[in-house]
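The values are calculated or read from the model by the stated rules, or taken from the named source; none is laboratory data. From a predicted model like this one, the values you see are computed outputs, not experimental measurements. Using ideal geometry, Cβ is built from the backbone for each residue, glycine included, and neighbour counts are taken over all protein chains shown. Areas reflect the complete protein model, heavy atoms only, side chains present, ligands, DNA and RNA absent. Shrake-Rupley method; radii C 1.70, N 1.55, O 1.52, S 1.80 Å.
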Amino acid sequence: MQRKSVKLNSTSDTLKIASLIVSLAGDLTEHRTTNTETLMHLLKSNVGAGILALPYALSKGGLVFGSIAFWIMGVMTLYCMHQLLRCHEHYRSHTSRSKCDFGDIMRYTLVTCRWRFAQRYAKLGKFVIDGFDCSN
């Protein structure tokens, strides 16, 4: 069996592939999320399929306790989202990276932690968070 040797011009091929990707996906570096898109992302991520379980949860918890627990959980979710945004801003101000994900924030938090136990598991923490993030 003979193998055919194909000589490719790497620069022109790279440009062709890049232009194909940009034409299919758009220019990913210049897109800014609008306020409406951000609101839709928040609703999708926080409400999502959980809204389907809400009537069942309220029926099992009762009208009074279920309503109170619903508002408490909403406030806790809002607080946690705010903390994640604060961590993201802190991460960006202390590193040269402008973009990061939850795993990067977890790794940075564990690396800069004063406990050596936590510092040893920074890579594992990033791996776990990325794994949970992909499972959603």
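Key figures for this structure:
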item: Long-range neighbours under 8 Å by Cβ, at least six apart or interchain, first residue closer than 30 Å to residue 98 by Cα within the range 32-58, second open to solvent by less than 90 Å² (accessible area, probe 1.4 Å) and of a type outside the set (S, T, N, Q); result: 42/81; 46/81
item: Helices (runs of 4 or more DSSP H) (entirely within the range 57-131) containing at least 1 residues that are within 21 Å of the chain's Cα centre (by Cα); result: 63-94, 102-111
item: Per-region count, the range 78-93, residues touching a residue at least 12 places away in the same chain (Cβ under 8 Å) and either more than 19 Å from residue 121 (Cβ to Cβ) or of a type in the set (Phe, Trp, Tyr) (or both); result: 4
item: The range 109-136 residues that are acidic (Asp, Glu), paired with ones that are open to solvent by less than 70 Å² (accessible area, probe 1.4 Å) (beta carbon under 8 Å, 6 or more apart); result: 130/101; 130/103; 133/101; 133/103
item: Which numbered condition residue 86 misses (of (1) open to solvent by less than 100 Å² (accessible area, probe 1.4 Å); (2) closer than 22 Å to residue 108 by Cα; (3) of a type outside the set (A, V, I, L, M)); result: (1)
item: Residue in the range 90-132 that is modelled with the lowest pLDDT, counting only those that are open to solvent by 80 Å² or more (accessible area, probe 1.4 Å) and under 20 Å from residue 45 (Cβ atoms); result: 99
item: Residue satisfying all of: in the range 56-83; more than 25 Å from residue 129 (Cα to Cα) and among the polar types (S, T, N, Q); least open to solvent (accessible area, probe 1.4 Å) among these; result: 67
